[in-house]
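Take a look at the structure below.
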Amino acid sequence: MQFIDLHRQYDQIDKKVKEGILDVLDHKRFIMGQEIKDLEARLAEYVGVKHAICCASGTDALIIPLMAYGIEKTDAIFVPSFTFFASAESVSIAGGTPVFVDCDKDTFNMSVESLKKSIEHVKKEGKLNLKGIVAVDLFGLPADFEAIREVADEYGLFILEDGAQGFGGCIGEKRACSFGDVASTSFFPAKPLGCYGDGGAIFTNDDEMAAKINSIHIHGQGTDKYDNIRLGLNSRLDTMQAVVLDAKLDIFEQELVMRNKVAQMYTEALKDVLDTPVVPEGCFSSWAQYTLKVREGQYREDIIEKLKRQGVPTAVYYPIPIHQSTAYADIIDEHIELPITESIANKVFSIPMHPYLEEDEIKYVCDAIKNSIE
Ligand SMILES: *Cc1c(COP(=O)(O)O)cnc(C)c1O
């Protein structure tokens, strides 16, 4: 059994991918081919925003908008600590200062209460300017954007939605990557919508922001190709990856339904033995991960080991919260306390999740988990 099975998905898109890649080999516009423009239009329509701009990775898709905001060392950007490293790394690389925020004990997304506390703390200290929020759609579940937007408006902060895992998720009728002032996603192969290499995209309704992003992702280009108007990056999606993504978008909605069925079956079978994922009313997860939490008296490492022996792969997202990572050891406020984050980092583990899990496989995983807990 595989943690994420890309083989079964490939069988669905084989023909379209091969034909599309052959077309690219014929026209040879490997960079910025027409396929990129077509994909950007399709992505923008899917998410329900005005602009989608493809780039080289999900990490760049965070760095580029932060560069567009012109963040500086004295700017505080509030970021959850319980997320993939890039959510905070991008802030530092773009020149700002990440301020880490705790997560909600049930959804694992940014805690709005902790966010408010952090903001008030930074304000009181008076060393940093309040500038922005990176809100992550962790494991596929959109963050609590209604509440985050209220806080952002109150303090005049921008919201960058890190939708690397959330692409395809919804709150009501609105799709992930439409909630931030600007949003990013990743097309890393293991993400809900993945390509066959690195890739990412940036979303916004803001024309001025879109123009800056377009410029920054190609070396800060202006209208004259050789008169660059700002510093930027070389961060483009390859044309061949657009072919893969176009084929995968054809089956993406159907896959989301399948992922939700898998999640439902897991939850039904496991809710009495472990803490299963919480999806708030009105939200729809894209299930980038299905993450369980052990209860009092249960030992994660023990369960993981027993599952391994039964041939069930697991992964721990994330064993080390970012504020405790070596890279941030020197710059972290010693008094920072993120109790929920620090507690759940020792308790969570993720089990196989992809749209093509069969009923008997789901049952096998659930039985193996129950065996491991007895
Ligand atoms: C994967 C991921 C990223 C980075 O995406 P890459 O394409 O790997 O650079 C950023 N944020 C989150 C939450 C992620 O899961």
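At a glance:
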{"read-out": "Options 61, 76, 52, 44: the member that is more than 15 Å from the ligand (Cβ to nearest atom), part of a helix (DSSP H, G or I), touching a residue at least 24 places away in the same chain (Cβ under 8 Å) and small (Gly, Ala, Ser)", "value": "44"}
{"read-out": "Positions within the range 230-250 being assigned to a helix (DSSP H, G or I) and under 20 Å from the mean Cα position of the chain (by Cα), in sequence order", "value": "241, 242, 244, 245, 246, 248, 249"}
{"read-out": "Among the candidates 139, 108, residue that is within 14 Å of the ligand (Cβ to nearest atom), in a helix (DSSP H, G or I), modelled with pLDDT of 95 or more and among the aromatic types (Phe, Trp, Tyr)", "value": "139"}
{"read-out": "Check on residue 190, closer than 26 Å to residue 140 by Cβ, within 17 Å of the chain's Cα centre (by Cα) and within 16 Å of the ligand (Cβ to nearest atom)", "value": "yes"}
{"read-out": "Answer from 153, 198 - the residue that is of a type outside the set (A, V, I, L, M), more than 10 Å from the ligand (Cβ to nearest atom), surrounded by fewer than 23 Cβ atoms within 10 Å (Cβ to Cβ) and at pLDDT 95 or above", "value": "153"}
{"read-out": "Some residue of the range 209-226 being among the polar types (S, T, N, Q), free of Cβ contacts under 8 Å to residues at least 12 places away in the same chain and surrounded by fewer than 18 Cβ atoms within 10 Å (Cβ to Cβ)", "value": "yes"}
{"read-out": "All positions within the range 81-97 that are away from the ligand (no atom under 13 Å from the Cβ) and under 13 Å from residue 135 (Cβ atoms)", "value": "none"}
{"read-out": "Boolean, residue 147 is small (Gly, Ala, Ser), within 16 Å of the ligand (Cβ to nearest atom) and within 28 Å of residue 293 (Cβ to Cβ)", "value": "no"}
{"read-out": "Set 32, 67: member being in contact with a Lys or Arg (Cβ under 9 Å, 6 or more places away or on another chain) and within 16 Å of the ligand (Cβ to nearest atom)", "value": "67"}
{"read-out": "So residue 252, is it in contact with a Cys (Cβ under 9 Å, 6 or more places away or on another chain) and either of a type in the set (Phe, Trp, Tyr) or more than 16 Å from residue 368 (Cβ to Cβ) (or both)", "value": "no"}
{"read-out": "Hits in the range 114-136 - residues which are more than 16 Å from the ligand (Cβ to nearest atom) and either under 22 Å from the mean Cα position of the chain (by Cα) or not charged (D, E, K, R) (or both)", "value": "114, 115, 118, 119, 121, 122, 126, 128, 129, 130, 131"}
{"read-out": "Unique match (being away from the ligand (no atom under 13 Å from the Cβ), within 22 Å of residue 134 (Cα to Cα) and not in a loop (DSSP other than H, G, I, E, B)) among 179, 203", "value": "203"}
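The values are calculated or read from the model by the stated rules, or taken from the named source; none is laboratory data. Here the structure is a predicted model, which means the values were calculated and not measured. All Cβ positions, even for glycine, are placed from backbone atoms using ideal geometry, and neighbour counts span all protein chains on display.
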